[in-house]
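The values are calculated or read from the model by the stated rules, or taken from the named source; none is laboratory data. Just so it is clear, the model here is predicted, and its values are computed rather than measured. Heads up, the Cβs are rebuilt from the backbone with ideal geometry, glycines too, and the neighbour counts pull from every protein chain shown.
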Amino acid sequence: MYKNSLILLLLIFCFSCEDDVVPKPKGYLRLEYPEAEYVKSNINVPFTFDINKLASKVSSKQIQSKTKSYALNIEYASLKGTLFLTYKAVKNNKKNLNDFIRDAENLTQKHMIKADEIPVFPFEDDKRRVFGKYYVVKGNVASQSQFHITDSVNHFLTGSLYFYAKPNYDSILPAANYLQKDMKRIMETIEWQ
């Protein structure tokens, strides 16, 4: 009996000595989106720009007929996101333009409470008369990117990116990066009319 117990104990000891258990690393979903294909917008507003064919719906409405203000929504159903654009005509005075710029910058600053960082990138294209700023809002915030551009005389346009999901920065980052390229493309291709 003693001999059998010793053999059993020896077998248990030999087979119980394996490598340490190492937890598996976290797996992340790899999201890849199609290469962007752009076409010139065909919307009844006082400007044109390049729009991604991936956009599932583009809607526009005139907010105020006197001031020629428009709201445009560019929806991306597959990414569960929307670019919201707001156009306002400048009334040939600096105060009006300064108010628009201040309002756009205040909207971005409201995200500072939740944002980790908001890098600002100035944008200038003297040839096409497009001037403004582009903001990347990093962190668990409602809007991942915003911009405002103007010709400094007649036109002012703001844009904001929102997703139809709880703002979890890591989860929506691939889609945010993809749509941020579309926002930059709008800024780079806008033509005032």
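Residues checked against (1) within 28 Å of Ile74 (Cβ to Cβ); (2) at pLDDT 70 or above; (3) among the polar types (S, T, N, Q); (4) outside any helix (DSSP H, G or I):
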residue	(1), (2), (3), (4)
Lys3	no, yes, no, no
Ile12	no, yes, no, no
Val21	no, no, no, yes
Pro25	no, yes, no, yes
Ala36	yes, yes, no, yes
Val39	yes, yes, no, yes
Ile43	yes, yes, no, yes
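Could you list all residues from the range 162-193 that are of a type outside the set (Lys, Arg) and under 18 Å from Ser41 (Cα atoms)? Explain how you work it out, then say what you get.
Step one: filter the range 162-193 for residues of a type outside the set (Lys, Arg), giving 162-165, 167-180, 182-183, 186-193.
Matches in the range 162-193: Leu179, Gln180, Asp182, Met183, Ile186, Met187, Glu188, Thr189, Ile190, Glu191, Trp192, Gln193.
Say we look at the range 56-86 and pick out the residues that are assigned to a loop (DSSP other than H, G, I, E, B) and free of Cβ contacts under 8 Å to residues at least 60 places away in the same chain; which of these is farthest from Met183 (Cα to Cα)? Let's see the steps before the verdict.
Taking the range 56-86 as the starting set, the residues that turn out to be assigned to a loop (DSSP other than H, G, I, E, B) are 56, 65-68, 80.
This time we only want the ones that are free of Cβ contacts under 8 Å to residues at least 60 places away in the same chain, so: 56, 65-68.
Details: Ser56: 16, Ser65: 26, Lys66: 28, Thr67: 25, Lys68: 22 Å.
Looking at the filtered set, the residue picked out is Lys66.
Give just the number: which of (1) modelled with pLDDT of 90 or more; (2) in contact with a Pro (Cβ under 7 Å, 6 or more places away or on another chain) does Gln146 not satisfy?
(2)
Within the range 134-154, does at least one residue satisfy the condition of being within 20 Å of Ile63 (Cβ to Cβ), among the hydrophobic types (A, V, I, L, M, F, W, C) and either assigned to a strand (DSSP E or B) or under 18 Å from the mean Cα position of the chain (by Cα) (or both)?
Let us first name the residues in the range 134-154 that are within 20 Å of Ile63 (Cβ to Cβ), namely 143, 146-151, 154.
If we keep only those that are among the hydrophobic types (A, V, I, L, M, F, W, C) too, we end up with 147, 149.
Going one step further and asking which of them are either assigned to a strand (DSSP E or B) or under 18 Å from the mean Cα position of the chain (by Cα) (or both), we end up with 147, 149.
Among the residues of the range 134-154, at least one is within 20 Å of Ile63 (Cβ to Cβ), among the hydrophobic types (A, V, I, L, M, F, W, C) and either assigned to a strand (DSSP E or B) or under 18 Å from the mean Cα position of the chain (by Cα) (or both), which makes the answer yes.
If you go through the range 177-184 one residue at a time, do you hit one that is in contact with a helix residue (DSSP H, G or I) (Cβ under 9 Å, 6 or more places away or on another chain) and in a helix (DSSP H, G or I)? Walk me through how you get there before you give the answer.
Taking the range 177-184 and keeping what is in contact with a helix residue (DSSP H, G or I) (Cβ under 9 Å, 6 or more places away or on another chain), we get 178-179.
Going one step further and asking which of them are in a helix (DSSP H, G or I), we end up with 178-179.
Yes; the residues of the range 177-184 include at least one that is in contact with a helix residue (DSSP H, G or I) (Cβ under 9 Å, 6 or more places away or on another chain) and in a helix (DSSP H, G or I).
Pairs, please: C-beta under 8 Å, at least 6 apart or cross-chain, first residue over 18 Å from Pro122 (Cα atoms) and in the range 89-101, second surrounded by 15 or more Cβ atoms within 10 Å (Cβ to Cβ) and of a type in the set (Val, Ile, Thr)?
Matching pairs, first to second residue: Val90/Thr150; Asn96/Val90.
Under 8 Å between Cβ atoms, at least 6 apart or on separate chains: pull out the pairs that start in the range 109-137 with a residue that is on the phi > 0 side of the Ramachandran plot and at pLDDT 90 or above and end on any residue that is part of a loop (DSSP other than H, G, I, E, B) and not small (Gly, Ala, Ser).
Filtered contacts from the range 109-137: Arg129/Asp151; Arg129/Val153.
Take the residues in the range 41-67 that are of a type in the set (A, V, I, L, M, F, W, C) and closer than 24 Å to Arg129 by Cα; name whichever of them is surrounded by the most Cβ atoms within 10 Å (Cβ to Cβ). Quick ask: steps written out before the conclusion?
Residues of the range 41-67 of a type in the set (A, V, I, L, M, F, W, C): 43, 45, 47, 49, 51, 54-55, 58, 63.
If we keep only those that are closer than 24 Å to Arg129 by Cα too, we end up with 43, 45, 47, 49, 51.
Values: Ile43: 15, Val45: 17, Phe47: 20, Phe49: 21, Ile51: 23.
Among them, the one singled out is Ile51.
Every residue in the range 108-140 that is more than 19 Å from Lys184 (Cβ to Cβ) and either hydrophobic (A, V, I, L, M, F, W, C) or touching a Phe, Trp or Tyr at 6+ places or on another chain (Cβ under 7 Å) (or both), please.
If the condition is that a residue be more than 19 Å from Lys184 (Cβ to Cβ) and either hydrophobic (A, V, I, L, M, F, W, C) or touching a Phe, Trp or Tyr at 6+ places or on another chain (Cβ under 7 Å) (or both), then Met112, Ile113, Ala115, Gly139, Asn140 are the ones that fit.
Where residues in the range 108-134 are more than 30 Å from Gln193 (Cα to Cα), in contact with a strand residue (DSSP E or B) (Cβ under 9 Å, 6 or more places away or on another chain) and hydrophobic (A, V, I, L, M, F, W, C), which of them is surrounded by the most Cβ atoms within 10 Å (Cβ to Cβ)?
Here the residue is Ala115.
Examine the range 87-97 for a residue that is surrounded by 19 or more Cβ atoms within 10 Å (Cβ to Cβ), part of a strand (DSSP E or B), among the aromatic types (Phe, Trp, Tyr) and out of contact with any Asp or Glu (no Cβ under 9 Å at 6 or more places or on another chain), and state whether such a residue exists.
Yes: one or more hits.
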